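Worksheet for the structure shown next.
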Amino acid sequence: MKEEIRKKIATAIADATEVPVEECFSLLEAPKSSDHGDLAFPCFQLARTWKTAPPVCAKTLREKLQLPPEVESATETGPFLNFRFHRARYATGVLTEISTKQERHGVEDRHAQTIIVEYSSPNIAKPFHVGHLRTTLIGNSLDRVLRHRGYNVISINHLGDWGTQFGFVWAGCKLWGKPETDSVAGLVDRYIQATTLKAEQEKEGKESDEGSVNEMARKYFLDLENNVPYARDFWQWCLDISLEYFRTTYERLNVRFDHYTGESF
């Protein structure tokens, strides 16, 4: 609907200025403020042809224009001529299109453009929280709308699966043993135990001592970066537990991703 009105405005401008309609169409843009209207025509290029100031061109153009019935008004703001759609006609057109096309409303031929939508992005070995829920729902809505519109969409869950937090989970498991059950809650418990001990050791000035939790965590993450087998296996264990937990949550939300591609990638 908006594109049809834009074409009619471009045609009206072309008739009033003798500028090619394709050029008028390409120059129409969204106003800097929605208070100004729905579309704006910058008069800088026209000013060079008419050899007068852009604000004067905007005023002259407004006086010469034959507005299409879908446009309620045209108002100059400095060098721009702003157009406001006729709200009742616009709403009627949109609602008629929706009722006619039903679920095909908004569908276009496949676009050549590929759009990557990266969303959700929870952290491994940590619980899914309301902030992740928010980005999951917004991201999934964008994903569905863009697919519906015909774009080639690639959805990526960019996981927080790298960092020193794994060192503290490792240290917690070394000091207190692995959790009784393979669960994110168990991993979080070990993380909390390790970081709590770290805070106590910092108070005592022992955070850099050999055998301190901080040193254990630092050494583990260094080994993980160097792909040492024990470190890699432990990281993979944390990853598998978390992914199972996340996928169960996403199933409940009816959300799916093309790729689970985390920081480690």
Label-point gap, in nm, between residue 199 and residue 142 - each point 7 angstrom along Cα→Cβ: 3.5
Loop GluC sites (Glu not before Pro), segment 76-154 (other Cβ atoms within 10 Å of the site Cβ: 13 or fewer; DSSP): 108
Per-selection metrics, segment 135-208 (Cα): Rg and Dmax in Å: 19.6, 61
Mean-position separation - Cα centroids, segment 18-34 and segment 175-217, in angstrom: 62
Helix 184-203 axis, angle to the chain major axis (alpha carbon atoms, nearest 10°): 70
Accessible area in square angstrom per residue, the chain, 1.4 angstrom probe: 58
As computed over segment 116-265, the Cα convex hull volume per residue (Å³): 111
C-alpha long axis of helix 130-148 to longest principal axis of the chain, angle in °: 40
For the chain: relative contact order, % (alpha-carbon pairs under 8 angstrom, 6 or more apart): 15
Kirkwood hydrodynamic radius of segment 1-112, Cα pairs, Å: 14.9
Calculated diffusion of the chain, Stokes-Einstein form, Kirkwood radius summed over Cα pairs, 20 °C and 1.002 mPa s, µm²/s: 90
Sites matching GluC sites (Glu not before Pro) across segment 210-264 that sit in DSSP coil, with at most 15 neighbouring C-beta atoms within 10 Å: 210, 263
Partner lysines for residue 206 [C-alpha distance under 24 Å; skip if fewer than 8 residues away on the same chain]: 174, 198, 219
Cα lying deepest toward the dipole's positive end in the chain, options 162, 10, 211, charges on Cβ: 10
Evaluated at q = 0.12, 0.13 Å⁻¹: base-10 log I(q)/I(0), Debye formula over Cα of segment 34-95: -0.32, -0.37
Residue-by-residue Karplus 3J(HN,Hα) for segment 154-171, coefficients 6.51, -1.76, 1.60, Hz, glycine and proline x: 10, 9, 10, 9, 7, 6, x, 10, 8, x, 5, 4, 5, x, 6, 5, 4, 4
Separation of alpha-carbon centers, segment 144-159 and segment 77-95, rounded to whole Å: 30
Virtual spin-label span in nm between residue 129 and residue 53, 7 Å along Cα→Cβ: 5.6
Built amide H within the under 5 Å cut-off of residue 155, gap 5+: 117, 258, 259
Orphan Cys of the chain, criterion: no other Cys C-beta under 4.7 Å: 24, 173, 238
Within the accessible area of the chain (1.4 Å probe), percent carbon and sulfur: 52
Under Karplus coefficients 6.51, -1.76 and 1.60, residue-wise ³J(HN,Hα) of segment 252-265 in Hz, glycine/proline x: 5, 8, 6, 10, 9, 10, 6, 9, 9, 10, x, 4, 4, 4
Trypsin sites (Lys or Arg not before Pro) lying in DSSP loop within segment 10-115, provided at most 15 other Cβ fall within 10 Å: 32, 51, 110
Flagged links, alpha-carbon separation over 24 Å, of 8/32; 32/59; 126/203; 8/51: 126/203; 8/51
Options 150, 177, 187, ranked by Cα towards positive dipole end of segment 140-205, top entry (Cβ charges): 150
Relative contact order, percent, segment 118-265 [alpha-carbon distance under 8 Å, six or more residues apart]: 34
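The values are calculated or read from the model by the stated rules, or taken from the named source; none is laboratory data. What you see is a predicted model, and the numbers here were worked out from it, not measured in a lab. Every residue, glycine as well, gets a Cβ built from its backbone with ideal geometry; the counts of neighbours run over all protein chains shown. Side chains are part of the model used for accessible areas, which takes the heavy atoms of the whole protein and leaves out ligands, DNA and RNA. Shrake-Rupley method; radii C 1.70, N 1.55, O 1.52, S 1.80 Å.
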